[in-house]
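The values are calculated or read from the model by the stated rules, or taken from the named source; none is laboratory data. Everything numeric here is computed off the predicted structure, so don't read it as measured data. A quick note on method: Cβ atoms are made from the backbone with ideal geometry, for glycine too, and the neighbour counts reach across all protein chains shown.
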């Protein structure tokens, strides 16, 4: 829905609206006239006029998300906006513009013409991360909602572009609004399961899988539930990025208030 700020979008879930209301603010952003008068394609040191479809995409993006800021895990936070320059550039996935800075990854997130997002950290290949910016916000809202619950963390390796979960029968209901190409969610009122792509060197994907539970007793179901669901070798993680702490294999991180 063009022309409105994302917080006013009725398509967002109640969870995402609560998250943005309580955890975000909006900084200054580019106005439409500046984008239309300065939009370019960068080719090394050369600049050429941006195509009309990308000018329109940058205008829509900045109206909806420009200036949005919030934190998820920590770091520098998530910053949305064109950053003072309406420029796009070629990637292996097509023409894109740098509309997001991910403070947890400390890396730029590109936005493609279809609204999906992509990253290329270091020597890894370009990878579609979110199917839309709204889905990106939904996954962050859900993680912030449950990150203070009891949780156990696992690691799973798969061939490139293969999801780790093969059997959803024992999982809570899927959460489609928060699920995308690089993050999968299942949740009910007491338990949530997240599988998020944590690295994608050539030929292999590495996934972090987290089992969240409201009570310590429910957290005891993590191991059988996760191992039954995964279709590839899965092992307990030895580090919890949410707690910034070492984890003894098979143990539960205690519930924390944030």
*Test result for residue 141, closer than 19 Å to residue 71 by Cα, touching a residue at least 60 places away in the same chain (Cβ under 8 Å) and outside the structural domain of residue 22 (by TED's automatic domain parsing)*: yes
*Quick one: what pairs do we get from region 74-93, first residue outside the structural domain of residue 61 (by TED's automatic domain parsing), second assigned to a loop (DSSP other than H, G, I, E, B), C-beta under 9 Å, 6+ apart or different chains?*
none
*Of the residues that make up region 37-54, is at least one within 17 Å of residue 141 (Cα to Cα), touching a strand residue (DSSP E or B) at 6+ places or on another chain (Cβ under 8 Å) and modelled with pLDDT of 95 or more?*
no
*Which listed residue is at pLDDT 95 or above and either assigned to a loop (DSSP other than H, G, I, E, B) or within 21 Å of residue 18 (Cα to Cα) (or both), from 144, 109*: 144
*How many residues does region 108-121 contain that are within 12 Å of the chain's Cα centre (by Cα) and farther than 16 Å from residue 62 by Cα?*
2
_Filtered residues of region 23-35 (kept if within 14 Å of residue 85 (Cβ to Cβ) and touching a helix residue (DSSP H, G or I) at 6+ places or on another chain (Cβ under 6 Å))_ = 29, 30, 35
*With the condition kept exactly as written, say whether any residue in region 86-93 is closer than 30 Å to residue 33 by Cβ, touching a helix residue (DSSP H, G or I) at 6+ places or on another chain (Cβ under 8 Å) and assigned to a loop (DSSP other than H, G, I, E, B).*
yes
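To keep it simple, each residue is scored yes or no on (1) exposed (fewer than 12 other Cβ atoms within 10 Å of the Cβ); (2) assigned by TED's automatic domain parsing to the domain that holds residue 126; (3) closer than 27 Å to residue 132 by Cα.
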residue	(1), (2), (3)
185	no, no, yes
192	no, no, yes
195	no, no, yes
223	no, no, no
233	yes, no, no
_residue 68 vs. criteria at pLDDT 95 or above, over 30 Å from residue 147 (Cα atoms) and touching a strand residue (DSSP E or B) at 6+ places or on another chain (Cβ under 7 Å)_ = no
*asked:* Between 137, 129, 100, which is at pLDDT 95 or above, in a strand (DSSP E or B) and closer than 20 Å to residue 174 by Cα?
replied: 129
_In region 173-186, residue nearest to residue 117 (Cα to Cα) [restricted to those that are in contact with a strand residue (DSSP E or B) (Cβ under 7 Å, 6 or more places away or on another chain) and not in a loop (DSSP other than H, G, I, E, B)]_ = 180
*Mind listing just one residue for me: the one in region 83-107 that is under 18 Å from the mean Cα position of the chain (by Cα) and crowded, with 20+ Cβ neighbours inside 10 Å and, of those, farthest from residue 46 (Cα to Cα)?*
102
